[in-house]
Every structure is written in structure tokens, then in C-alpha cells.
Amino acid sequence: MSSRKILVTGGAGYLGSHAALQLLNSGYQVLVLDNLSNSSIESLNRVAKLTGQNPIFIEGDIRNRLLLDEIFSDHSIYAVMHFAGIKSVSESISNPLQYYEVHSSTKRNALE
């Protein structure tokens, strides 16, 4: 098994859980960060059942800089696959500031 650990943000969502599944099947260690606002822990239970391996799960928000600092200091992260975000067209119209905050802070944290 590879000692390379991949951080999958939004890893409990549809795309993120499929990425986690493939990474585990390819021998990577997987750490999932998800706030479960648009996903379910059940998807990670299915990943574990299919692979026989449990990804490391951290419930939290990608916008929490202190949490990100803690994750990167506690884990030797080889790569990040970013699937965290919000994606409802109707919500983005009714609450554009939330969408701006989520997507711009994610980009800003990645650049720092």
C-alpha cells in the first residue's frame, strides 16, 4: 500500500466519494474533509464496503483556515483533490453572497 495520502475535499459528495473509491482501490491513503452540508456520510460507508478500507474522515468546512492548518500539520499530504463547493443554481440566485464566500475563500486558501 502506498504511503501517499490524498486529501479529498468534498469527499462525501457524489464526485468526491467516487474519487475516494478509485484512490483507495489504487493503493492511496485517503483523507476526506467534508462539512456534510450537501452530502452524506453514507457515501463513505459505501466506499468502505466496496474497498474494504475506511478513508479517514474529518467533518469540517474548507473555509476554516485553522482546521486546514491542523490537517496539514497532522498529516503528510501528498496531493489535494478539491470537490468541495455548493452548486444549486436557484440557491446561487437567492443567496449570491454565500456562493461568493464559499468559492472565493476556497480559491484564496489554496493560493496562500
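The values are calculated or read from the model by the stated rules, or taken from the named source; none is laboratory data. Note that the structure is predicted; figures quoted are calculated from it, not measured. Using ideal geometry, Cβ is built from the backbone for each residue, glycine included, and neighbour counts are taken over all protein chains shown.
Give me a count of the residues in region 29-38 that are surrounded by 21 or more Cβ atoms within 10 Å (Cβ to Cβ) and without any contact (Cβ under 8 Å) to a residue 40 or more places away in the chain.
2
Before we move on, is SER43 among the polar types (S, T, N, Q), surrounded by 14 or more Cβ atoms within 10 Å (Cβ to Cβ), under 13 Å from the mean Cα position of the chain (by Cα) and more than 14 Å from TYR78 (Cα to Cα)?
Yes.
Go through (1) farther than 18 Å from ARG4 by Cβ; (2) at pLDDT 95 or above and name the single condition SER39 misses.
(2)
Return only the number of the condition from (1) more than 19 Å from ILE86 (Cβ to Cβ); (2) in a loop (DSSP other than H, G, I, E, B) that PHE57 does not satisfy.
So the condition that PHE57 fails would be (2).
Does any residue in region 50-63 that is without any contact (Cβ under 8 Å) to a residue 12 or more places away in the chain come within less than 7 Å, Cβ to Cβ, of a residue that is of a type in the set (A, V, I, L, M) six or more places away or on a different chain, and which pairs are these?
ASN54/ALA48
Mind listing just one residue for me: the one in region 60-75 that is part of a loop (DSSP other than H, G, I, E, B), in contact with a strand residue (DSSP E or B) (Cβ under 9 Å, 6 or more places away or on another chain) and not acidic (Asp, Glu) and, of those, surrounded by the fewest Cβ atoms within 10 Å (Cβ to Cβ)?
Among those that are part of a loop (DSSP other than H, G, I, E, B), in contact with a strand residue (DSSP E or B) (Cβ under 9 Å, 6 or more places away or on another chain) and not acidic (Asp, Glu), it is HIS75.
Please verify whether region 79-98 includes one or more residues that are part of a loop (DSSP other than H, G, I, E, B) and at pLDDT 95 or above.
No: region 79-98 contains no residue that is part of a loop (DSSP other than H, G, I, E, B) and at pLDDT 95 or above.
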